[in-house]
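Taking it in order: structure first as structure tokens, then the write-up.
Since every read-out is calculated from the coordinates, none of them should be taken as a lab result. From a predicted model like this one, the values you see are computed outputs, not experimental measurements. Neighbour counts are summed over all protein chains in view; Cβ atoms, including those assigned to glycine, are modelled from backbone coordinates with ideal geometry.
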């Protein structure tokens, strides 16, 4: 049976993270801490985080391409500029810019967190803050 593009992207998400030894989920980042420190990487991201941000910026993109670009970004320690994400949401940068990511694997969505909200209470897996 042929897999849908979304199913193919899910397989690529799992297999490419293993193949290139990349952090798949935010909790995997701790495993690479020594590498980040020795290479001056101050704001590392997992494939989960990067794919969610890419998907938010280009929601109609092929999910396989989103995963491949996320792999490239994480492998080369580059990533989506959070300024673009916040500007797409509100046209101007809020004072306390925070976002959360919800969902599993590549089936994710972005939640913009208000000042009085907790990312944990919103059931987000991770919170990113614009510095």
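Beyond 16 Å, the tail of the calculated P(r) for segment 5-129 holds 61 percent of the Cα pairs. The calculated 222 nm mean residue ellipticity attributable to helices in the chain amounts to -12500 deg cm²/dmol, summing -39500 (n - 2.57) over DSSP H runs of n ≥ 4 and dividing by all residues.
Given the options 15, 58, 37, which has the most mean-square fluctuation in a GNM of the chain, springs set between C-alpha atoms less than 10 angstrom apart? Most flexible of the set in this elastic network: 37. Simple spin-label estimate for residue 30 and residue 127 gives 1.8 nm between the two label positions (7 Å along the Cα-to-Cβ direction from each Cα).
One chain, two ends: residue 11 and residue 90. Fully extended at 0.36 nm per residue, the span grows by 25.1 nm beyond their Cα-Cα distance.
Taking 7 Å steps out from each Cα toward its Cβ at residue 81 and residue 116 produces label points 3.4 nm apart.
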